[in-house]
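Please read the structure below before turning to the comments.
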Amino acid sequence: MPEPVGLQELNERLSAYIEFKSPEEGKAIIGGLQRLPGGSSREMYRFHLRRQSTGGEESTARALILRKDPPGQGLVAASERRAEFGVIRALRGTDVPVPDVFWLEEDAAHLGAPFFVLAEITGCETNGALFSKLPYSAVRNSIAESKWSILGKLARLDPETLGLTSLLPVTAPEECWQRELAFWETMVENNRLGPQPITSATIRYLRRHPLPPPHRLSIVHGDYRTGNFLFGSDGKVHGVLDWEMAHLGDPLEDLAYSLSRQWALGDMTLRGNLAPLEIAIAQWERASGMVVDQEALRWWRLFSTVKCQGLWASGAAGWRSGLTPDMVMVMAAWSCGATHEREALELMDHL
């Protein structure tokens, strides 16, 4: 495992890299470099970049984000930076708001690990606990409308037109659920720290109730939830973040995941701490132009409990093996796992 890079060294190496990639813009001056909390799949850093010409003139500072692979194993062991970068770049100019992207680097020699750089969307928040406080509580309904409408608009986009069928694996529509269930079942089995009887029962239930093919093959964000989008006091979502689990599949997968009780922040009457279940679904339907098959949605909601167990198990296994020192990984497996088990039992009518 490569040695971690300190902030001062990271500053110097990042400056050198940016000058190497765009020498015509002059010297790269980085300020305010700081590690951001979170980033369970990639390390995240915020910084400001100014360019200085040979004559000494400096450009206006640009707010940027560095997303760098962690030294060990994050929550998503199979995340792919090239796919994440490519999806964000493809979505620029669509109805799905994403930041500008600049450099993708897969050679670890520059910063000690592969990384990419994108613009920071400033003046916004990600913390869903703010929805119950002013000024955000006054526009909570508007944020909810924006959140699920954007997700519906994502479902309408044609992956082939955006060039994503050459970047992301294409699966036959009728096989989407099988691929996803097999992947996350393996993630649970390979990383669990002990017996998971409820999750195992959920997987058996899902296999006994196969899904019909989706309405269309769509771009699936894979982690669309409160905390992964930027919202403002104007009641709008200004940016969708964290596309490392993006893939092509059934659009109901994203909708179901967004409705999980895990993202309710304690108030189970509001999905994502924003809107009741029925309203969230209706907002998605209007934007997507699709009518939700309630049984299919229930299947994907059950699947989401398995997927989340796989996420937490992967992170906890990384901590236990010493690949990552982040205690959040093991705490999530302990604290969130019970929430998903309860939801699975409810959805299977066992409570």
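Within the bounds of segment 56-73, is there any residue that is out of contact with any helix residue (DSSP H, G or I) (no Cβ under 7 Å at 6 or more places or on another chain) and at pLDDT below 75? Yes, segment 56-73 contains a residue that is out of contact with any helix residue (DSSP H, G or I) (no Cβ under 7 Å at 6 or more places or on another chain) and at pLDDT below 75. Within segment 110-144, which residues are more than 30 Å from R81 (Cβ to Cβ) and of a type outside the set (A, V, I, L, M, F, W, C)? S132, K133, P135, Y136, S137, R140, N141, S142 - these are the residues of segment 110-144 that are more than 30 Å from R81 (Cβ to Cβ) and of a type outside the set (A, V, I, L, M, F, W, C).
Of all the listed residues (E189, E160, E180), the sole one being part of a helix (DSSP H, G or I) and at pLDDT 95 or above is E180. Of all residues in segment 150-172, those being farther than 14 Å from H221 by Cα and either buried (at least 17 other Cβ atoms within 10 Å of the Cβ) or not assigned by TED's automatic domain parsing to the domain that holds L302 (or both) number 3.
Of the residues A201, A275, the single one that is crowded, with 20+ Cβ neighbours inside 10 Å and at negative phi is A275. Hey, could you check segment 262-282 for residues that are part of a helix (DSSP H, G or I) and touching a residue at least 12 places away in the same chain (Cβ under 8 Å) and say which is farthest from K153 (Cα to Cα)? Top of the filtered list is Q262. Among the conditions (1) in contact with a Phe, Trp or Tyr (Cβ under 9 Å, 6 or more places away or on another chain); (2) over 17 Å from F115 (Cβ atoms); (3) at pLDDT 95 or above, the only one that Y17 does not satisfy is (2). Please indicate, with yes or no, whether at least one residue in segment 260-270 is at pLDDT 95 or above and of a type in the set (V, I, T). No: segment 260-270 contains no residue that is at pLDDT 95 or above and of a type in the set (V, I, T). If you check N228 against the conditions, is it out of contact with any helix residue (DSSP H, G or I) (no Cβ under 6 Å at 6 or more places or on another chain) and either in contact (Cβ under 8 Å) with a residue 24 or more places away in the chain or closer than 26 Å to R67 by Cβ (or both)? So N228 fits the description; yes.
Conditions tested, residue by residue: (1) part of a strand (DSSP E or B); (2) surrounded by fewer than 20 Cβ atoms within 10 Å (Cβ to Cβ).
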residue	(1), (2)
D234	no, yes
H238	yes, yes
E244	no, no
L255	no, no
R286	no, yes
V291	no, yes
R298	no, yes
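Does D95 count as without any contact (Cβ under 8 Å) to a residue 40 or more places away in the chain and assigned to a loop (DSSP other than H, G, I, E, B)? Spelling it out, it is not the case that D95 is without any contact (Cβ under 8 Å) to a residue 40 or more places away in the chain and assigned to a loop (DSSP other than H, G, I, E, B). Does A61 count as of a type in the set (A, V, I, L, M, F, W, C) and touching a Lys or Arg at 6+ places or on another chain (Cβ under 8 Å)? Here the answer is yes, as A61 does meet what is asked. Checking each residue in segment 100-126 for being among the small types (G, A, S) and assigned to a loop (DSSP other than H, G, I, E, B) picks out A108, A109, G112, A113, G123. Report whether or not L259 is closer than 23 Å to L168 by Cα, touching a residue at least 12 places away in the same chain (Cβ under 8 Å) and outside the structural domain of R89 (by TED's automatic domain parsing). So L259 fails the test.
The values are calculated or read from the model by the stated rules, or taken from the named source; none is laboratory data. What you are looking at is a predicted structure, and each value in this text was computed from that prediction instead of being measured. Glycine also receives a Cβ, built like all others from the backbone with ideal geometry; neighbour counts cover every protein chain displayed.
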